[in-house]
Amino acid sequence: MEEAVLLNRTSLVAYFWLRGLSVNQKVQMAMFSMFLIFYVLTLIGNILIVITITYNHRLHTPMYFFLSNLSVIDVCHSTVTVPKMLIDTWSEKKLISFDACVTQMFFLHLFACTEIFLLTVMAYDRYVAICKPLQYMIVMNWKVCVLLAVALWTGGTIHSIALTSLTIKLPYCGPDEIDNFFCDVPQVIKLACTDTHIIEILIVSNSGVISVVCFVVLVVSYAVILVNLRQQISEGRRKALSTCAAHLTVVTLFLGHCIFIYSRPSTSLPEDKVVSVFFTAVTPLLNPIIYTLRNEDMKSALNKLVGRKEKKEEK
């Protein structure tokens, strides 16, 4: 018995090999340049949103409080995977240790699940603002906003701990090749030296159900909002439609990936890598663009912030 346990421990995989996006060196260099630009713009765009909201007192409202949380999550979410991918483009063997792989999975699901809950809360915030404007500051007071923020971060943490715990309890003794550029639960559990059917069902019932339920709630919320907008004056309707359109775009891009990946068994499809690129590198970049270009208040605040900097430089 002791010999079997010892054998099992010594045969555990210490490192995983990431296939990455391509084996062609020229393609890898092109992707390095592209994703480096994406990552830098993601950092600049989202950090700029946080700074703008922090220093502009007119934006100290529930909507922009949650938007600043979204920007923080996007920076963290992108940082979990993109820097490692950029480093791996210069490496012949794209290795990641088992501990680093587990850590990457934990934070990936922490920020992804937290963002799903946050998008749902933002939809509720818009529902109250548009459908019950007279009660808005009572329903969405700062105490409620802070409690919602704590709840969504707590929910994301619990979800991530649950998935990571299921993954690390499995025995890994080979193979050690992950067909992606980062560690994710569906790809990793396929490498386990045991039957993972029950684990796959648990993952679908966890991540998949969360994604689908939140998506349905979001669609229903915005449907109610759009019906309610018919009763408002044209200027208020235009502004509200612009805000809702931005939210729906983000929801579709982000939750589309989650539903595609986590609502089915752990089988590899050719589209997985493309969807994963949008999930980890493109969507965090698009969020600040979508929210600033379609939001007059944000554009005005950004112009004021830039104007202040220019005046300071002139002095």
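What the table below lists for this structure:
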| item | result |
| --- | --- |
| Set Val216, Val188: member being surrounded by fewer than 19 Cβ atoms within 10 Å (Cβ to Cβ) and assigned to a helix (DSSP H, G or I) | Val216 |
| The one condition in (1) of a type in the set (A, V, I, L, M, F, W, C); (2) modelled with pLDDT under 85; (3) in a helix (DSSP H, G or I) that Cys173 fails to fulfil | (3) |
| Test set (1) open to solvent by 50 Å² or more (accessible area, probe 1.4 Å); (2) modelled with pLDDT of 75 or more; (3) touching a Phe, Trp or Tyr at 6+ places or on another chain (Cβ under 8 Å) - Ile289 fails condition number | (3) |
| Residue match in region 69-85 (condition: over 13 Å from the mean Cα position of the chain (by Cα), surrounded by 13 or more Cβ atoms within 10 Å (Cβ to Cβ) and of a type in the set (Val, Ile, Thr)) | no |
| Count - residues of region 129-147 that are touching a Phe, Trp or Tyr at 6+ places or on another chain (Cβ under 8 Å) and either aliphatic (A, V, I, L, M) or part of a loop (DSSP other than H, G, I, E, B) (or both) | 1 |
| Search result, residues across region 69-81 that are in contact (Cβ under 8 Å) with a residue 60 or more places away in the chain and either in contact with a Cys (Cβ under 6 Å, 6 or more places away or on another chain) or under 25 Å from Thr52 (Cα atoms) (or both) | Asn69, Leu70, Ser71, Asp74, Val75, His77, Ser78, Val80 |
| Lone unmet requirement of (1) within 30 Å of Leu226 (Cα to Cα); (2) open to solvent by 40 Å² or more (accessible area, probe 1.4 Å); (3) within 17 Å of the chain's Cα centre (by Cα); (4) touching a residue at least 40 places away in the same chain (Cβ under 8 Å) for Tyr127 | (3) |
| Count - residues of region 7-59 that are farther than 30 Å from Lys169 by Cα, aromatic (Phe, Trp, Tyr) and open to solvent by 50 Å² or more (accessible area, probe 1.4 Å) | 2 |
| Given (1) at pLDDT 90 or above; (2) open to solvent by less than 60 Å² (accessible area, probe 1.4 Å); (3) farther than 27 Å from Val40 by Cβ, index of the condition Phe66 fails | (3) |
| Members of region 143-172 that are touching a residue at least 60 places away in the same chain (Cβ under 8 Å) and either of a type in the set (D, E, K, R) or open to solvent by 70 Å² or more (accessible area, probe 1.4 Å) (or both) | Ile168 |
| Yes/no for Phe106 being under 15 Å from Cys258 (Cα atoms) and open to solvent by 30 Å² or more (accessible area, probe 1.4 Å) | no |
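Here is a yes/no grid of residues against (1) aliphatic (A, V, I, L, M); (2) under 28 Å from Ile87 (Cβ atoms); (3) under 23 Å from the mean Cα position of the chain (by Cα):
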| residue | (1), (2), (3) |
| --- | --- |
| Ile168 | yes, yes, yes |
| Pro175 | no, yes, no |
| Ile178 | yes, yes, yes |
| Val188 | yes, yes, yes |
| Asn206 | no, no, yes |
| Ile210 | yes, no, yes |
| Cys214 | no, no, yes |
| Val217 | yes, no, yes |
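The values are calculated or read from the model by the stated rules, or taken from the named source; none is laboratory data. As the structure is a prediction and not an experimental result, all values here were calculated from the model. Positions of Cβ are backbone-derived with ideal geometry, glycine not excepted, and every protein chain shown enters the neighbour counts. Just so you know, the surface numbers come from the protein's heavy atoms only, side chains and all, with ligands and any DNA or RNA stripped out. Shrake-Rupley method; radii C 1.70, N 1.55, O 1.52, S 1.80 Å.
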